[in-house]
Amino acid sequence: MPQLSTADALDEVKEWFAQLGLFRAACVGTNTTGMNVLEFADASIITILPSTADQENFIAAAVSATGYNDMAITDLTTTYKSFEALLDHWNPLITSIALYLWSLAVPSLQGTASADFWKAPVSTAFPSKSTDPPWKGVMDGLASVFPPECLTAGFQQKINNAFDANGTKISDIVPQIATLG
Amino acid sequence: MSAVVRSRILKVALALTVVMAPIRAVQGQEPLVSATTYVRYPSLTPVTAVVVNIGQFGTATYSAVETALKAPNWTCASPDFYKVAVVDKSLRVVRSLKIRAVNLPDRDKSGRPLTRCDGLGHPAVIDLILGSQVSTTDQIQVFIYADKQQTKQLFASDGKLSFTATSFPTFTATPQAAPGESLNNGATRDVGQLNVAFADQNLFGEDLVDIYAKSTDLFSTDAEDAKSAFGVTGGFQRGLFSRWYSPYHLEQTIQGNQMATNLSTATTLGFNTLPPWHWTASGLNNGVIDAPLPFEPAIAVQYVHRFEQLVTKKTPLLSENDFTVNPALSWSNISFPFVCKLFNHRKTTAEAPGTPAPVCLGAQLDLGLWYLPLDLTASKSERVDGYGDASILIPLSDFGFASTALSYVTKGDPMKFQLRITYADSVNAANNYARTRQWTFGIEALK
């Protein structure tokens, strides 16, 4: 079962934000000036890139920077509404976060199939309350690579509440973290 | 453990994976397979492909790759381990589609294109580039196998995939009856006509440059039919710079009527791009003027040579050679934020991130030039005709009375309508570059 070390998994998360920065740099206009990372991640693509020329130019620059060479105009105009959703197509943040959590889960879940970890209850993978180790360590690790506006105190509290709720699975908590906020 | 035992364990594991794997992605995630057509840059070659999403943790395809990586010789970059087929409603394979290549759209940490899958989300998608024609009505099923013989199936999609468009050659021939059609000799008569259209967006499947051909023709049962025509175009296109969208094309068209009593050839060179614009942020993003997007420049050069001309009462004799150079630029999305203070602009809701500031007064500009070196003026100098238009755009939301007095026009939502005032000094190339100047006023809906 391919797994990553905790450090490598955190690097993957960091890389996701770096690639979001490359998307931002590929926006030809100045509409993104003054936006923080979360605002850009959530920004409407067709608002930032309204014309076909802007979209074509974004694709040329983004493909050159990232290697995602199958980007289509319809990805920008129809399929994906935000830059976060667009990037998730080629580099799903869910996967990076899941691999990070997997690297810190209890030994009995290490080396299993990814599907087994995905459907495991969080209380099995991290047998503690949200305020105790190891989950606190998980969140501290994420806070070290997330821009502050993407993991605010309120958002962390929301995640912790979900963690403490009965029956929450890894497949519930990971997508919630990946929504950013 | 012997090789035979290991092989049996692997077979059982593969079989279990197929049985247990859900067909659909989990709620809120992307579909596991999708259809796409895209244009590679800078070659500008069109591609029709099935995208398999293998990078979403917890999905059937992620697990399939996880399992496949244990199989000997498995590689996600080889078409041998996939099958794409057109199926009927009972998932019976009607025909298999050729997979021309597998594209892994991602890079490794050193920046080189990926050549293998790591099972950790890199690449997150793989493109199965099709080499067979597929229509928009075809229902497509996608399979992943652990072996080249395609006996150990790891994943099968639900067979409901379809394309909304493809890049394969198109050909249509539409017969029609045309009663009372005008003839070149001035008479009219009932004729039969055949409309023929052909287009191949990528003639040779080249990856370096896009070479294309297209033809639009109308053949008639009467050779004197004034509408009979043929036009065959061949050309190539490519981006000039790989990191900046800068496409150019060079194409040759031969056109005429059915009997070639009217016959000409046109050579066209075109180029368009966008200038870098971030450097304007301080000068063009302030309280007075906001122009966040650049103007769009383009240039078209055309040489026309007329071999034969059919002169009639409706079609005068034209010069044997025409040469035109037509640079143009279009600049939209210009606004003047300070006007909002003057108009006491009404805000309806809080702005979401990425939402542009409200526009209270906008502007749009188009400029161009026709340079005709073979067409001399009365003073024997080469002809140059400039043209352009300027528009002032005023959203109806600027006017407090718009939502009530103009409710029929605005449907109660003045935010979605604007007043456009345009002054145009235009030159009509289709009418011997005749010049007209006019003001126009109108209310238009915003998308």
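FYI, it's all coordinate maths here, none of it is from the lab. As the structure is a prediction and not an experimental result, all values here were calculated from the model. Glycine gets a Cβ as well: all are built from the backbone with ideal geometry, and neighbour counts include every protein chain shown.
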Cα centroid separation - the range A:147-181 against the range B:289-315, whole Å | 57
Any idea what the dipole of chain B comes to, in debye rounded to 20, about its Cα centre with Lys/Arg Cβ at +1 and Asp/Glu Cβ at -1?
-> 1640
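Beyond 20 Å, what percent of the Cα pairs of the range A:18-90 remain?
Summing the P(r) of the range A:18-90 above 20 Å gives 14 percent of all pairs.
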Taking r as the C-beta separation of residue A:110 and residue B:77 and R0 as 30 Å, the FRET efficiency to the nearest 0.05 is 0.55
Have a look at B:421, B:293, B:434 and report the one farthest towards the positive end of the charge dipole of the range B:181-445, computed about the Cα centre with Cβ charges (Lys/Arg +1, Asp/Glu -1).
-> B:421
Under 1.5 on a/c is rounded, so check that first for the protein assembly as shown, then, if it is not, pick prolate when a/b is larger than b/c and oblate when it is not; a ≥ b ≥ c are the square roots of the alpha carbon gyration tensor eigenvalues.
-> oblate
Average partner coverage of A:20-31, which counts Cβ from other chains inside 10 Å | 4
Taking the dipole of the range A:18-90 about the Cα centre (Lys, Arg +1; Asp, Glu -1; charges at Cβ), the one of A:21, A:74, A:85 that reaches farthest to the positive side is A:21
Expected sort for A:40-53, B:365-378, B:243-256 on mean C-beta neighbours within 10 Å, highest first, is A:40-53, B:243-256, B:365-378
Relative intensity, log₁₀ I(q)/I(0), of the range B:181-445 from a Debye sum that treats every alpha carbon as a point, q = 0.11 Å⁻¹ = -0.92
Computed [θ] at 222 nm, deg cm²/dmol, the protein assembly as shown (DSSP H ≥ 4; -39,500 (n - 2.57); rounded to nearest 500) = -6500 deg cm²/dmol
Return the whole-Å distance between the Cα centroid of the range B:364-383 and the Cα centroid of the range A:19-80.
-> 39
Using a cut-off of 27 Å between alpha-carbon atoms, which lysines can reach residue B:341, once sequence neighbours fewer than 8 places away in the same chain are excluded?
-> B:411, B:416, B:447
Among A:39, A:84, B:444, which comes first, second and so on when ranked by fewest other beta-carbon atoms within 10 Å?
-> B:444, A:39, A:84
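In Å, the Kirkwood hydrodynamic radius of the range B:245-337 over pairs of distinct alpha carbons?
Final number for the Kirkwood radius of the range B:245-337 is 16.6 Å.
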Relative contact order for chain B, counting Cα pairs under 8 Å that sit 6 or more residues apart, in percent = 8
Over chain A: Rg over Rh, Cα atoms, Kirkwood Rh | 1.01
Once you sort the root eigenvalues of the Cα gyration tensor of the range B:151-219 as a ≥ b ≥ c, which label holds: rounded (a/c under 1.5), prolate (a/b larger than b/c) or oblate (the other case)?
-> oblate
Nearest 20 debye, what's the magnitude of the dipole of the range A:18-90 about its Cα centre given +1 on Lys and Arg Cβ and -1 on Asp and Glu Cβ?
-> 100
All aspartates and glutamates inside 17 Å of residue A:169 as judged from Cα atoms, apart from same-chain residues fewer than 8 positions distant | A:116
Rounded to the nearest 10, the angle in degrees between the Cα long axis of helix B:3-20 and the longest principal axis of the Cα atoms of chain B comes to 50
Treating only the Cβ atoms of Lys and Arg (+1) and Asp and Glu (-1) as charged, compute the dipole magnitude of the protein assembly as shown about its Cα centre; round to the nearest 20 debye.
-> 1160
Rounded to 0.05, the calculated FRET efficiency for the beta carbons of residue B:376 and residue B:208 at R₀ = 35 Å is 0.25
Expressed as a whole number, the average count of other chain Cβ atoms within 10 Å around the Cβ atoms of A:51-63 is 6
Charge-dipole axis of chain B as Lys and Arg at +1 and Asp and Glu at -1 on Cβ define it, positive-most pick from B:166, B:368, B:72 | B:72
Contour minus Cα-Cα distance for residue B:88 and residue B:301 (0.36 nm per residue) | 71.7 nm
Just order A:145-154, B:178-187, B:62-71 by mean Cβ neighbour count inside 10 Å, highest at the front, would you?
-> B:62-71, A:145-154, B:178-187
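Among A:166-178, A:19-31, B:78-90, how do they line up from the highest to the lowest mean number of other beta-carbon atoms within 10 Å?
Top of the packing list down: A:19-31, A:166-178, B:78-90.
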From other protein chains only, count the Cβ atoms within 10 Å of every residue's Cβ in B:53-63, then give the mean.
-> 6
Determine the shape class of chain B: with a ≥ b ≥ c the square roots of the Cα gyration tensor eigenvalues, call it rounded for a/c under 1.5, and otherwise prolate if a/b is greater than b/c, oblate otherwise.
-> oblate
Compactness summary of the range A:93-178: radius of gyration and Dmax from Cα atoms, Å, are 11.9, 34
Any of B:70/B:152; B:109/B:148; A:119/B:83; A:81/A:119; B:227/B:313; B:227/B:314 with alpha carbons more than 18 Å apart? Name them for me.
-> B:109/B:148; A:119/B:83; A:81/A:119
